[in-house]
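A.B. asks: I'd like to ask you about the structure that follows.
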Amino acid sequence: MVSLPSSIDVAIIGAGAAGLGAAHALKGSSLSFVVLEARDRVGGRGHTIMAAPDITFDLGCGWLHSADRNSFVSIAEALDFEIDRTLPPWSERVVATAFPQHEREDFLRELHAFYVRAEEAAQDGRDKPANLYLEPGNRWNPMIDAVSTYVNGSELDRVSVLDMDVYEDTEINWRVRRGYGALMTAYGATLPVAFDCNVSLIDHGGKRVRIETSRGTVTADKVIVTVPTNLIAAEAIRFHPALPEKIDAAAGLPLGLANKVMLALDDPGDLPKDGNLRGATMRTEMGGFHLLPFGQHCIEGFFGGRFAQQLEDAGEGALAAESIDEIASFLGNDYRRKLTPLKESRWSHDPFARGSYSHALPGHAGKRAVLAAPVDGRLFFAGEATSPNFFSTAHGARDSGERAAKEVLARKP
Ligand SMILES: Cc1cc2nc3c(=O)[nH]c(=O)nc-3n(C[C@H](O)[C@H](O)[C@H](O)COP(=O)(O)OP(=O)(O)OC[C@H]3O[C@@H](n4cnc5c(N)ncnc54)[C@H](O)[C@@H]3O)c2cc1C
C-alpha cells in the first residue's frame, strides 16, 4: 500500500484513465508525484469483473472506440492484451425476428438523415437542443432518441447540437478480450497510487496547494484534477478559494447515464455470436442486447437516459427483470428459464462517478475548454469531459491526462 506523502511536487486526483495517463506522462520527469484515489482500485469508470467463472464483464467502458486513433490500442499491445477486431453488433449480425431487415434499413436511413440535419444545423455556430433536428412526426423519432440515450447517456432534448457535432468517431470499434477495465488495471500497476484516499478540499489560497483527504493532508506544488464533472458541480470536492467558473462548466457538462446488465444464458441454440438483439419497439424506453459476447454463454443488456435512471432507482434486479421481459418478447417465453441475472451496473449511485459519461447541455458546448483550462499555473484539469473531440470515452480521458501532465511539465521552474 502506498503511504500518503505529506509533501509532493504533483498530486493527481483520481486513478481513472485520465489520472493514469497523467501519471505515466510524469514518469521519467524529475518531478515527484502521487495519485490520490478514493476507491480501492484503479480504472474509475473502467472496471472489469468476472460475472461468472467464465464470463468477463466490463461494467463500464468496453469498446476501444475510434480504434485507429485510440491510444489504448498500443498500450494493450505493449501489455500483451489480446485485441478482438470483430465488428460491433450494433451494425452487424442483427437478429431479424425482432427487427425485420426492411424496417431496420428504414430506421438506419432516418437515423442517418437526422445526423446530417444536425450536422448542417451546427454549421451556423448557434447552440440548440439536438432534438430540434428530429423530423416532426417521423415514426422512428422515439428510437432515434433511444440511440442518443446509449451514445450520450441522455435524450436529445438535453444534448447540445454543437457538442454532438464536434465528437469524433472513426467508426472503428475493437475490444480487449480480457476487458477494458483489466487493461487499465495493468496500465496502472506500476504507478504510485494512494487508495481509499477521498479528496474533500483543494486549498490553493497559500504558497503551496493543501489537499485534504480521508487519509490526511498532502501539500503539493501542482495538482491535476481528473474527477467526474458531477462531483465538481455538486462540490463533493471543494476548492478554496472557490472556482465558480469550474463549477459552472462542470454543471454544463453533466454525466448522462448508461447501465449494463449481464445475464447468463443456458443453451444459446443458434443465436449468433456477438449478435445484436433490438426490437422495432417504437419506444425510447428500450434496451439493446449484445448476444454471446466473445462467444461467452451470456447476453449483455445496455440501457441509457431517463429509462436507465428509472430502472436503477427501482433497485437491484430491475435492469435484469426488464431485460428478460424484452428478450422473451422477441425470442419467446422459453428464454425466461434460460436466462439468469448475474450482475448489473449502478453508475448513478456510484459515489465516485455519479453517472456514466458527459454530454454538453444545449448552450454549453464551449464549456469543455473552460473546464480544461489551468488555474494560476498550479491547478490543472483532465478527465473525459475536458477532451475536445473524444469526450465521453476512455481514450479521450487518457489523452487528456497526458495533455494536463504536459502543461505541468511546461511550467516546471
Ligand atoms: C456503462 C458505461 C459504458 C461505457 N462504454 C464506453 C466504451 O465502450 N468506450 C469508451 O471509450 N468509453 C466508455 N465509457 C466511458 C469511459 O468509461 C469514461 O469516459 C472514462 O473511463 C472516464 O475516465 P476518467 O479518468 O475521465 O474518469 P473516471 O474513470 O471516473 O476516473 C476518475 C477517478 O477519480 C476518482 N475520484 C472521484 N472523486 C474523488 C475524490 N473526491 N477523491 C479522490 N478520487 C476521486 C474516482 O474514483 C475515479 O477513479 C463507458 C462508461 C460507462 C459508465
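The values are calculated or read from the model by the stated rules, or taken from the named source; none is laboratory data. Everything quoted here is computed from the prediction, not taken from an experiment. Quick reminder, even Gly has a Cβ in these numbers, built from the backbone with ideal geometry, and neighbours come from all protein chains shown. These area figures cover heavy atoms from the full protein model, side chains too; ligands, DNA and RNA do not enter into them. Shrake-Rupley method; radii C 1.70, N 1.55, O 1.52, S 1.80 Å.
A.B. asks: Out of (1) touching a residue at least 24 places away in the same chain (Cβ under 8 Å); (2) among the charged types (D, E, K, R); (3) more than 23 Å from Ala251 (Cβ to Cβ), the odd one out for Lys207 is which?
C.D. replies: (1)
A.B. asks: Looking only at region 234-254, filter to residues that are farther than 26 Å from Met164 by Cα and of a type outside the set (A, V, I, L, M, F, W, C); which one of those is surrounded by the fewest Cβ atoms within 10 Å (Cβ to Cβ)?
C.D. replies: So, considering only residues that are farther than 26 Å from Met164 by Cα and of a type outside the set (A, V, I, L, M, F, W, C), the one surrounded by the fewest Cβ atoms within 10 Å (Cβ to Cβ) is Pro241.
A.B. asks: If we scan region 154-171, do we find a residue that is modelled with pLDDT under 95, surrounded by fewer than 16 Cβ atoms within 10 Å (Cβ to Cβ) and out of contact with any helix residue (DSSP H, G or I) (no Cβ under 9 Å at 6 or more places or on another chain)? Spell out the reasoning first.
C.D. replies: To start, the set of residues in region 154-171 that are modelled with pLDDT under 95 comprises 171.
Checking the rest, the ones that are also surrounded by fewer than 16 Cβ atoms within 10 Å (Cβ to Cβ) come to 171.
With the extra rule that they be out of contact with any helix residue (DSSP H, G or I) (no Cβ under 9 Å at 6 or more places or on another chain), the set shrinks to 171.
So far as region 154-171 goes, yes, one or more of its residues are modelled with pLDDT under 95, surrounded by fewer than 16 Cβ atoms within 10 Å (Cβ to Cβ) and out of contact with any helix residue (DSSP H, G or I) (no Cβ under 9 Å at 6 or more places or on another chain).
A.B. asks: Then there is this: Can you list the strands (runs of 3 or more DSSP E) lying wholly within region 1-120 that have 3 or more residues being of a type in the set (Ser, Thr, Tyr) and either more than 18 Å from His395 (Cβ to Cβ) or away from the ligand (no atom under 12 Å from the Cβ) (or both)?
C.D. replies: none
A.B. asks: If you scan region 50-82, which residues turn out to be closer than 16 Å to Phe294 by Cα and in contact with a Ser or Thr (Cβ under 8 Å, 6 or more places away or on another chain)?
C.D. replies: Hits for region 50-82 are Met50, Thr56, Phe57, Asp58, Leu59, Cys61.
A.B. asks: If you go through region 366-375 one residue at a time, do you hit one that is within 21 Å of Leu231 (Cα to Cα) and either near the ligand (Cβ under 9 Å from one of its atoms) or among the hydroxyl-bearing types (Ser, Thr, Tyr) (or both)? Outline the logic, then answer.
C.D. replies: Applying the first criterion (within 21 Å of Leu231 (Cα to Cα)) to region 366-375 yields 366-375.
Checking the rest, the ones that are also either near the ligand (Cβ under 9 Å from one of its atoms) or among the hydroxyl-bearing types (Ser, Thr, Tyr) (or both) come to none.
No: zero hits.
A.B. asks: For region 255-273, state whether one or more residues are open to solvent by 10 Å² or more (accessible area, probe 1.4 Å), touching a Pro at 6+ places or on another chain (Cβ under 6 Å) and not in a strand (DSSP E or B).
C.D. replies: No, region 255-273 contains no residue that is open to solvent by 10 Å² or more (accessible area, probe 1.4 Å), touching a Pro at 6+ places or on another chain (Cβ under 6 Å) and not in a strand (DSSP E or B).
A.B. asks: Enumerate the pairs (first residue in region 115-132 and open to solvent by less than 80 Å² (accessible area, probe 1.4 Å); second residue anywhere and in a loop (DSSP other than H, G, I, E, B) and of a type in the set (Val, Ile, Thr)) with beta-carbon separation below 6 Å, excluding pairs fewer than 6 apart on the same chain, so at least 6 apart or on different chains.
C.D. replies: Pairs found: Ala130/Val159.
A.B. asks: Now for a separate question. Go through region 281-294 and give me each residue that's surrounded by fewer than 17 Cβ atoms within 10 Å (Cβ to Cβ) and in a loop (DSSP other than H, G, I, E, B).
C.D. replies: Met282, Arg283
A.B. asks: Among (1) open to solvent by 10 Å² or more (accessible area, probe 1.4 Å); (2) more than 13 Å from the ligand (Cβ to nearest atom); (3) within 30 Å of Ala130 (Cα to Cα), there is one condition Val227 misses while meeting the rest; what is its number?
C.D. replies: (2)
A.B. asks: Kindly establish whether Glu105 is charged (D, E, K, R), modelled with pLDDT under 95 and loosely packed, with under 14 Cβ neighbours inside 10 Å.
C.D. replies: The answer is yes for Glu105.
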